[in-house]
1. Being open to solvent by 10 Å² or more (accessible area, probe 1.4 Å) and in contact with a strand residue (DSSP E or B) (Cβ under 9 Å, 6 or more places away or on another chain), is that true of even one residue in segment B:67-80?
2. Considering each residue of segment B:218-246, count those that are under 29 Å from A:VAL211 (Cβ atoms), open to solvent by 20 Å² or more (accessible area, probe 1.4 Å) and in contact (Cβ under 8 Å) with a residue 24 or more places away in the chain, and give that number.
3. Of the conditions (1) in contact with an Asp or Glu (Cβ under 7 Å, 6 or more places away or on another chain); (2) within 14 Å of chain B (Cβ to nearest Cβ), A:GLY161 fails just one. Which one is it?
4. Sort through B:GLU505, B:GLU441 and tell me the only one that's over 23 Å from B:ALA207 (Cβ atoms), of a type in the set (Asp, Glu) and either surrounded by fewer than 18 Cβ atoms within 10 Å (Cβ to Cβ) or in contact with a strand residue (DSSP E or B) (Cβ under 9 Å, 6 or more places away or on another chain) (or both).
5. If B:LEU446 passes every condition in (1) crowded, with 18+ Cβ neighbours inside 10 Å; (2) away from chain A (no Cβ under 14 Å); (3) aliphatic (A, V, I, L, M) but one, which one does it miss?
6. Of the residues A:ASN320, A:ASN293, which is under 30 Å from A:PRO145 (Cα atoms), part of a loop (DSSP other than H, G, I, E, B) and touching a Phe, Trp or Tyr at 6+ places or on another chain (Cβ under 9 Å)?
7. Could you tell me whether any residue of segment B:413-436 is more than 21 Å from B:ALA335 (Cα to Cα), of a type in the set (Ser, Thr, Tyr) and within 14 Å of chain A (Cβ to nearest Cβ)?
8. Are any of the residues in segment B:26-46 in contact with a Gly (Cβ under 7 Å, 6 or more places away or on another chain) and not hydrophobic (A, V, I, L, M, F, W, C)?
Amino acid sequence: MPDNGLLRSVTVNKKVLLASLLAVFAGSAAAEEIVVYSSRAEQLIKPLFDAYSKETGVAIKVISDKEGPLMERLKAEGSNSPADIFLTVDAGNLWKADDMGLFQPVKSAVLNGNIPANLRDPDNNWFGLSVRARTIFYNKNTVKPAQLASYEDLASPKWKGKLCLRSSKNVYNQSLVATMIADIGPVATERMVKGWVNNLATAPFGNDNAVLEAIAAGQCDVGMANTYYYGRIVAKNPAFPVSPFWANQAGKGTHVNVSGAGVVRYAKNVKGAVKLLEWLSSDKAQNMFADVNFEYPANPKVKADALVASWGNFKHNLINVKVAGSKQAEAVMLMDRVGYK
Amino acid sequence: MPSVFRRWRWPLVALLISLLTLIPLAVIVLSSLTPDPVIWQHLLDYALPELLNNTLWLVLGVAAGVLLLGVPLAWLVAVYDFPGRKHFNWALMLPLAMPAYVMAFTQVGLFDFSGPVQTLLRAHFDNTRWFPPIRSTGGLVLVMSLAFYPYVYLLARNAFSTMGRRALEVGQTLGLSRSAGFWHIALPMARPWIMGGLILALMETLADFGTVSIFNFDAFTTAIYKAWFSLFSLDTAKQLASLLVALIFVMVVLEQYARGRRAYVQAGRAAPLPRLRLAGVRAWLASGYALLVLALAFVLPFGQLLVWSWGALEQEWNEALFGYALRSVTLSMMAALMIVSIALLLSYARRRDGGALVRLLARVATLGYAVPGTVLAVGIFVPIAWLDNVLIEQFFAGQDVTAVLKGTLAVMLLAYVSRFLAVGYSAVDAAMNRITRSQEEAARNLGYSGFALLRHVHLPLLQGGLLTGVLMVFVDVMKEMPITMMTRPFGWDTLAVRIYGLTSEGVFDQAALPAVVLVLVGLIPTLLLSRQKDVA
């Protein structure tokens, strides 16, 4: 049937024509290149990627956005995603991405050697790359460190009208409460959060900076924040009248969270992605990764920045950071129940 | 065949345009039909009653705020003369260039307990407990009103100054004073413009997330983001967003219905109304009011931004900043021209057809403005990614291709259309209302029809509305974040993207410099427009 053949060849030609037209737009990653979807603020990650590119000649493309949209993006793109690595902050987000099936497991002796077990996924789907401690801060002029003890203690009536908190909508507070649920159970946690709410000096703030500023201005005496927010302030203003206090040292230790990353399930450049993750966990990169934002290195062999080290050593809560994700919804509902805005 | 086409030409145009919004809306509404009982029960018990109450007060408050700021200022500037009028005329548009969340973090930074104002006061008084708290419903309403009143101001000013002198002259011959003329003639005649501006302001209020989260205020969007980010249920988030869109749709339709079939044409050619010179106390009151609004809505927050930028100048001032600015301007300009052209086409379709179907489609096409940005971004991205997957499977199977349409400028611009059509449309459509049927008929008798009619009759008469539309869309696109972040091609980081990166880490002082640049760049069209048209 010559007609049919002709017809078929015309159709095929049409297809080829359309394909070549589309090819003008079609994007494909160069073989060596690594594509990273990142919700860690660009200014805190770009310097590292630049250093890696300089060292290895491998180009890194970054798309930054909030974690929620990035995860939906990965899901929608499916097997045609250009992303090789998904990098984000907060273990809850890493857990969620894993839960959505966006990662693939990575077998790497280097990563397992560099990153402690509590800071990575038990199935090796993601790895913490920097540690962020969330602890108590107090006004040096009105509070003696001996008066402080633990997160639970901030619920005690002695702090009535003296506590400042960031909003419960913030993921760092959600992770802290989720970890407490795992540590001391939901009932005791709910009592604690209720106590916090009763002690509030003012409505919860929109960010950690505002909490620290309010403590400094005397609006309240104590509060909680991630240490790197404090680090940024004291780096500019050494006279800032606020100090950190390591919470729960007599108990399980201070709550720590991570920023971290995993290799995307449909990564086109798996080998390159793993190499980059390994490099990010190495001594040299770990220094930069943590120091650029006054965080703690995830690799225990690496020393923290001098300013960060000046706040002293402390006992970390060694529970796997994954609970921040698995118990997050429970934590949020708990906070809603006791009226923590 | 041609007659069928003729009959369905305008509905077809309207349908094609509204598809840009309908598809993302459908993705949001249809993909989430089954509610999650646990999460919904929790929201019903602990969140929804309060946030509906909050949202109601927020909407009422901002509505009152933008009307009280926008309408009197527009009236003053349009029909009176008072010291500084010429400068207020354009300067009162300036807050449009400042993103609401930037306004929010500067105002909170200034007026909160630890801010400079209260710190200074504490140096002179025992305490500042008497100081009204900025982080409150009242504070939020004030800040949002200051941020959004320019929509009402711009459109109302346009209405007052194109109303033509005749209507007011008739009033005067009937013995109405100019202020009585305002209540009985000008205000009713300017209604579509004022309502257009008000609806834009309220849509922004309802879709806003950045500002309410700086105030830690529980609004409708807060629940949407809580369901998505905190309770990990995007479906619940979409259901809440669908509810929000339905609410706004009802609001818009009710307004349309209440307006009925009245026409708002211009009586005679727009002869500039001679401005009445205010004297003495009244003149100073007028200047004082304009100055107060300008100071609170622009001078103060912009001053704070400048102070912060100065501190972070060394860190943030680099070549990259020029790149962000250039891309912001390029994108906003392209988007503004495209959106206003499409708005014109849609408005013309409504004008030519006038049937219920076209009116409905026009309403639907402009709903994207009321959807919280991040949710709309997902609604836009999902169908694009799907189409890409199909195209890749068809034409590039086995090849190293990961994107065909996504990550192209074309897709990004179409995404902007679905978000900002409302802004362009309200400006263009309000102006379209001014054109009389007799003007069209006269032209038709001269042999013009279809697009020639649009070109030779409507376009010249619509100039003011088109320019207003371009300006409003331009600054809105500059400020937009979620859709830009989701659809931008590699390397297309804009000022708004940069500001997001910095504010997400709470370093507002570093975000100040890109914010200042964003405001300054946003000023360019504002100034051009005011020069072009110091309308009567």
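1. yes
2. Of the residues in that region, 2 qualify.
3. Result: A:GLY161 fails condition (1) only.
4. Exactly one of B:GLU505, B:GLU441 is over 23 Å from B:ALA207 (Cβ atoms), of a type in the set (Asp, Glu) and either surrounded by fewer than 18 Cβ atoms within 10 Å (Cβ to Cβ) or in contact with a strand residue (DSSP E or B) (Cβ under 9 Å, 6 or more places away or on another chain) (or both), namely B:GLU441.
5. (1)
6. Answer to the check: A:ASN293.
7. No, because not a single residue in segment B:413-436 is more than 21 Å from B:ALA335 (Cα to Cα), of a type in the set (Ser, Thr, Tyr) and within 14 Å of chain A (Cβ to nearest Cβ).
8. no
The values are calculated or read from the model by the stated rules, or taken from the named source; none is laboratory data. If you're wondering where the values come from, they're calculated on a predicted model, not measured in any experiment. No Cβ is skipped: glycine too gets one built from the backbone with ideal geometry, and neighbour counts run over all protein chains shown. These area figures cover heavy atoms from the full protein model, side chains too; ligands, DNA and RNA do not enter into them. Shrake-Rupley method; radii C 1.70, N 1.55, O 1.52, S 1.80 Å.
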